[in-house]
Structures are given as C-alpha cells and as structure tokens.
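Report on the structure given below.
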Amino acid sequence: MFQSAIFPKEERSLLSVAIPLALSALCLLPILSCVVVIALPRADTNISAWIAGSVAAVLAIVTIALFPQVAGGGAVVHRIEWIPQLGLNLTLRMDGLAWLFSILITVIGLLVVAYARYYMSPKDPIARFFSLLLAFMGAMLGLVLSGNIIQLAIYWELTSLVSFLLIGYWYHRSDARDGARMALILTGAGGLALLVAMMLIGHIVGSYELDVVLASGDRIVESPLYPLTLMLFLFAAFTKSAQFPFQFWLPNAMAAPTPVSAYLHSATMVKAGVFLMTRFWPVMSDSDLWFWVVTYTGLVTLIFGAYSALFQRDLKGLLAYSTISHLGLITTLLGMGTPLAAVAAIFHIANHATFKASLFMAVGIIDHEAGTRDIRKLSGLRKYLPFTGALAIIASGAMAGVPLLNGFLSKEMFFTETAEFDPNGFVNLSLPIGATIAGMLAVAYSIKFVHGVFFGPPPTELDRVPHEPPALMRRPIEILVLACLAVGMIPGLTIGPYLAAAVQSVLGEETPYYSLAVWHGFNLPLVMSVVALVGGAVIYVPYFRRLRDIEGVPFFRRLKGQRVFERLLVTATGRWAAKVVKVFGTARLQPQILIVILVALAAGVGAGWARLGSLPLPDSLDPVLGLVWLLGGLSAIGAAHQAKFHRLAAMILMGGAGLATCLTFAWFSAPDLALTQLLVEIATTVLILLGLRWLPKRLPKAEDAGWRIRLRRVRDVGLALLAGTGAAIASYAIMTRPAPSGISDFFVANAYSQGGGTNVVNVMLVDFRGFDTMGEITVLGVVALTVFGLLRRFRPAVDSAEPPEQQRALDERPDRHAVDDFLRIPAVIMNWIFPAVVVMAIYMFLRGHDLPGGGFIAGIIMSLAFVMQYMAGGTRWVEDRLRVRPLAWIALGLSLAMLTGMGAMLFGAPFLTSAFAYADIPLIGKVPMASALLFDLGVFALVVGATVLMLIALAHQSIRKPKPAAKVRPLVREGAGKWS
C-alpha cells in the first residue's frame, strides 16, 4: 500500500506498481550487486567500481523520484505478509525522514565510490572492497526504510556486521583487527539490546508495525515497562552513535580505508543511532527520564569529543573525535524534547554529513600525497595542494560554524534552543554554557586542522613532494563543499523543501514555525556564536605549538574507555572463562557428555513419570513387533560389546538396531520415516566407516582387564539403560497424549485440498511447514561446509606397519580408499547398478507428493548412487568422471528453495505459498505439478550436494595427503599504491 496525495485513477494504478518496485529496488539492488561484484576477477578494478557507482547512481535517482510522494508529510508503504499472526511482516516504509537519510546514503555513497576508484591501490582486493561498500549501503537503506520494528533490529545488526568487515578490511594489520572487533562487540551488544527493546515495544503496543507504534506514544510512556524499554533503546543508540561512555570504539575504527571512514562518519553507521532516536522521538521523548539521560549524555559527549579532538595529532583521529562531538550535539537537541530542537537536530544531521565526508576525503588526499597524517610533520601544504587546501578550509569552516556556511545555521539553531529559559536553574545555566564551551573548542580544533596542515613553513620531514591528485578524484569533495556553500547562503531554496518533509514526517501536526534565514538580528544566539568564534581563536593561537606536540588528552590520559573495554574483555575471555572451564570442563569429552545425559535424564524421566499414572497402558504387544524390538536391543548390546574387539562388527550390529527402528516406523504406518531412517542408516554407516581409521588405538588387554575399566563400563551400561528408559517413557507419554488443538486432523483434512497431495507428510514438509524445511536444509548445507572446512587441511595420523615409502605410494594410488580393507565389491556391478539407482531416485522424487518419497528420500538415494561409485572407483573417479560438484548442488538447492518462496510473493501471496495442478503425461499418468515440486527439487539438490561433499572430505583424508595451503598474498598498506 502507499499513502500520499490523491491522484487520478490511471496515475494511482501506475503508482501502485511503481512504488513497491522502487522500494524493493532500494533494499535488494545493493545486496544483489555486492554478490555480483565479489564474483568478479580481482583484476577487474574498473568494472567493480563502475558497477558500484552505477548501482549507487540508480538508487539515488530512484530516491529522488520518490520525493513527491513524501513531501508534505506523506509516506509510501509496501508491505509483504510473512507471519501476520505474529505481526512479522516485511514492510518498507519511506517518509520524509527516511527519504532524507536515503538521499544521504545513496548520493554520498556514489561520491565515496568515485573517490575510492582513485584512492584504493590496484594491489588491494578491490572487488571485496566495493562489494562490502554495496552491502553497507543496502544494510543502511534497509534500516531507514524498515516499517516493521523487528525488521529494523535485524538491519541494525547487519550494519554492525558489514562495518566490522569494512573496518577490518586490511586484516593483516593488528590495529584494523582490534578496531573491527571492538566496534562489533559494542554495537553488536547494542543490537541485542535493541531487539529486546523492540519486542517490549511490540508487547506494549500490540503490534510491530512502525505506523502503529508511532501512533501509540502515550501508551508506551505510561507503561510500567517504559523505563526498562528506554534504557535498552538508548543503550543501542548510544553504542552505535558513539555517545559517552561508549565513544572509544569510533577513533579505533580509523584503521579502515579513508573512503570507509568518510562513508561511516557521514551517512552510515554512526548516523544510525541518531536516526533511531529521531525516528522514535514522537513516542519516546515525552518523559523526564528521556530529557535527563539523553540531553546530558549528549552534552557530555559534545564537550568531551571537542576537547579530545583538540589534542589529536592524527588528522583522522581529530575528525573522529569531532564526529563524536557533533553526534553529541545532535543527541543533546533530541534530548531536549521540544519540536524546534528536533528540527535543529534533523538539520544538523544533513549538514554534518556534507562537511564531514568532504573533510575525510581531503585527509585521504593529504595522507596519500604527503605519506603521513601526523600533523607535526605537515605544514605549508597550501602551496602544494592549493585546490584541495581551499576545499578543506571551506569544509573546516562549516565544521566550526563560520557564517555563510551550512554548519553555522544548524549551530545557531542549537544555540537558540539551549538559550531558551528553563525554570530549572541547573538546566538554564548548564546548557548554554556547555554549548558555548563546545563551540569554542570546535573552532579551536578546526583552526588547528587548517593552520597545522596548510599554513606555516614548507614541510621538511616528508618522504615525497606532495602534488594535487587527479581532477576527477577532487570532484566528490567539490560537490560536497558546494553543497555546504549553497545551503549556508540560500538554505530556503536548497534544503528547505527536503528539511520540511523530514520534519513533518517526525513531528506531524506539532511541526512548529522555523526560519532558515541567514540573519535573525542581534540576539543571544548570535552573541554565543561570536564568543565561540573568538574564544576558539583565543584558545588555539597562544598554544598552537603545544597543541601540535602534546601527546594524549590532558586529564584523561589514564581514564580511557578503550583500556576499560580491553581489561573487561581480557577478564571475561581469560579469567572468567578459565574458571568456568576449570569447574565444568574436563580434558576428556566423556564426562561432559555424562553431565548432559544426567541433566536430560532427570528432566525427561521426571516429566515422564509425572504423567505415567494418567497414561493408558497397552493392552497387549504383538509378538512379531516384540521380536523385532528384542533383536534390535540385542544388536545394540552386541554393538557395545564388540566396540572393544572389532569396530566393523560393532558398526554392523548398530545397523541392526537401526533396522529395528525402521521396521517399527513401518509397523506403525509411517513409511516415509521408515524409508528416511533406512537410507540415512546406509549413508551414515559408509561415512562412519571412512572415519574408523582415525580413532585411537584400543586399550591393551592387560589394561582392559583393570577394575577401573570394568567399573567404567558398568557405569556406562547403567547410564545407557537409564537414558533409554527415560527416552522411552517420554516418547510414550508424548505419543499417547491427546492432541489438544487437532493439528493432525487439520493436516489430514487439508493436505489434498490446499496442498495438492495425498502424502500428508510430504505436503507438510514442502507446503504447510516449508519454512521449517528451508531452515533445516540450510543447516544441513552449513554442516556439510563445516565438515569440509575442518577436514580439508587436516591429515590424521594413520598407524601402519608398512615402510614409509610403501605407505606413501599406497596413499597416492587413485583407487585407494578406506573401505577396501572391509569390502571387496566388484566395480563392474557398481557401474551396472548406478543407472538403476538414479532412476529409482527420480521415481521416488516424482511420487513423493502422493506416495512415500520426496526430495529428501530421493536425495539420499542419489547420494548412495555416488557412494557406490566411490566404493567402485574412489573419489577421483566420482569427481573427474561424473563431474560431481557438491558446492554447486548446495547452491542450486538453496537458490531453488529461496526462489520458490519469493515466486509466491510476486503474486501477492505469503512466502512459500504453494499452488498446484496435475499434468497428464503419456505412459506415466497424472503427475502432481505443484509449485512445491520446485521447492522439493531444491531439497533434493542440497541433500545430494551435502552428502557428497562430506563423502569427498572424508574419503580424501583417507586416501591421500591434502594439497598444501595456498599462500596468502600480502596486502599493501594504505596509500602504498599509485593513483590509477
């Protein structure tokens, strides 16, 4: 749906199609493009940059085209139902505030891409850089466009994950790894707090839809859960926007490439926290708790960030602390709780984005040309970088609040709000005094940046002679500086309409009158601005030499948040973890499993016995079924006994116990379970056989006869009997209790009418509970990849009496495999059986919707066909002759499952909704052609790929040594490459 002005019928019909496509493109196009870019060859630097730039340009154009729909307080909404009963929908919502952030994200993203094309060295992994940049853009767009608060929390965490990868882009550097880890831990913890806060808000309001939440302000503030919700909410916002005392992660994020820093500080990541507070300002700010916590956290951050920036010698460090200070300014305005303060906060968000992005890009040019960012080594660069210097000076003036620049206007509005009379004497004095002091410090560190870099004598400690970069590299800075000038001189014509749309979307009917005029007459805010400008110069000029050389922040050298964080991290991961391991951990796995069994046993047996008195006992037991169970039990006991003598015999007996389970399923009319259990037994038996030779040697007979070993075995037998008895009682209690909600009756009654199949089990798996199945096959794929990743570089020690030379030659034979020692099956028979097994797999797949079968069973059968080929010819035959590519099978399976679900959404149905019909095929008959067949085909492909991948991983370890690990190409340091 969309909400906007009233249009004619034809235009309304067009908009109903165009708006959902536009909103979907804003969220999906960056994510899809990042996958395309990462797949490009490393040498295609220009192609990856062009793709990233084109995507950013398209997204900017789409955002601009949507402005008429959000002007005047309008909003456009596209909602896709997912689990409407739980209030979980995929909702994309754009109003004026989301539009303003979207334009900042896309336009500044486009400029950063253009800048990075010339900044990054060709020796860097460029495709990974632009791919992550697109993913970052997509995560931020998804965050600001989220119309469901749970969806917002998910995108919030996604921004933390992608920023972790971007900050740690040069992972060969320890500072990059440390900064990325610190940012992830703090912002990730804030993300978890935000998820809980959003769930509490949904509980209070009764909905997770943002529109409903924004209309329920009184209910939220008056709820007894409001204080807890607000603290969790603010913890998330403060950690993301680097508010005191969580500000220390942001300067450490400067280890990222400069284009990342420019994007992170201006339009993404740190702006997410102030966006969150602005978005929920109408419903969360009407309380004294909000005022005191948010206002004075912002004020402390504002002053502390400005003070710390004054003593930084690294230019990026100076800009990082200035970002902290300006974020504190925005937070202070949002904390005041007045409509005009909210207007000033939104205005400064846009202004800060323009001058801060341009300053970071200018610092990147300085660093690359001069070879350093240390302000002690830089001076007089205006002679070498005249154009870059002029641009940086203008942007620094905007940061300091110099008149006729955009920063001056929003800072004037800030001074105006702090100078308003408040009946509380402390507030009435602290806000204007604190704002003036922060303004003076901002002017001082801005002068330090300009004077220390561009004025003074020529530099003498540089390794190279600086010169201007390519003209195209300066274009992004020129565009941003031009915006600073245009907004500062003619704000009403440039940013006026867009600011009005953003303000009206937040304040609604409470939007006050405000003026963007450059001159408001001689008043107290003007006096505060003059004092800030003059006071900043007075602070810097007498002490500029000391400010260049001083190391650390006076009065705060010992009080460092980073030190506290690292101390807590070391304590938590070192001392506390060691104590936990000492108490609960052991050197052997068996005692840990023993603890788990005992806990589960106590819970299971207790619950079972509590219900046993009310459970109906069976009248009689069929003697045939009793015999099956007896043989299965004897097989299990025999397997346990044979484990100490002959492991192959133990495996065969374990198969007997599994066969008893299969017969039990068939006896109780569960043929799908019986087939699945039988096929899984066969596949897992072969895979376990491949790993038998990895197990340690058996104990010698003398030690085996010791009383401790016998006592341990008696204990194990007792635990096994107790665990089996408890599991049997719990299973019996579950199977004999009446179904309270009639779930089984529902599936039986609706399997054919709504799912198009008579096999209720298969219809449940691929239709009614298709989302569960998709999660399960995803887990199966992850497990297979994990097994392969763990084993691909691992070579187990193999005991052999053969000489090393003969053993090595034996290992390198193509037809060598572990089961040769146990099974001698003619290869010719295996080759004959292979086509028949493949046909059987196809048959079981096609009949699965009406008769026992389906994608999982067919996938296991097809996997067994490959297993037989391995037994006949080894893994090399399977890989080279059959050309089985298990990773491609896994990717195909997941893609088919996902595309099937998304296909339903294209027709307006919930995710994974199935449609069905029957096709009459000659010589075959009627075949169900439900859309769930494609989903089942995805299950089939993934099961085949996962099983074969584990087979190859295990078999390769058993037949040959792995190839040596590929050498990791060292990455160059930042700024080491030439302009390209």
- Query: Once phi is turned into ³J(HN,Hα) by the Karplus curve 6.51 cos²θ - 1.76 cosθ + 1.60 with θ = phi - 60°, what whole-Hz value does each residue of the range 241-248 show in order, with x for glycine and proline?
  - Reply: 9, 6, 8, 4, x, 9, 6, 6
- Alpha carbon centre of the range 101-131 versus the range 426-474: separation in Å? 25
- Message: As a quick test, which of the pairs 271/448; 123/448; 316/383 have an alpha carbon distance above 32 angstrom in this structure?
- Response: 123/448
- Query: In whole angstrom, how far apart do the alpha carbon centroids of the range 214-293 and the range 672-687 sit?
  - Reply: 52
- Query: Between residue 710 and residue 592, what is the label-to-label distance in nm when each label sits 7 Å out along the Cα-to-Cβ direction?
  - Reply: 3.2
- residue 843 versus residue 581, label points 7 Å from Cα toward the beta carbon: distance in nm? 5.5
- Once both label points are put 7 Å beyond Cα along the C-beta direction, the residue 493-residue 670 separation in nm becomes 7.7
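Where a number appears in this text, it was derived from the coordinates with a stated rule and is not lab data. Since the model is a prediction, treat every value here as computed from it, not as a measurement. Here the Cβ is made from the backbone with ideal geometry for all residues, glycine too, and neighbour counts use every protein chain on show.
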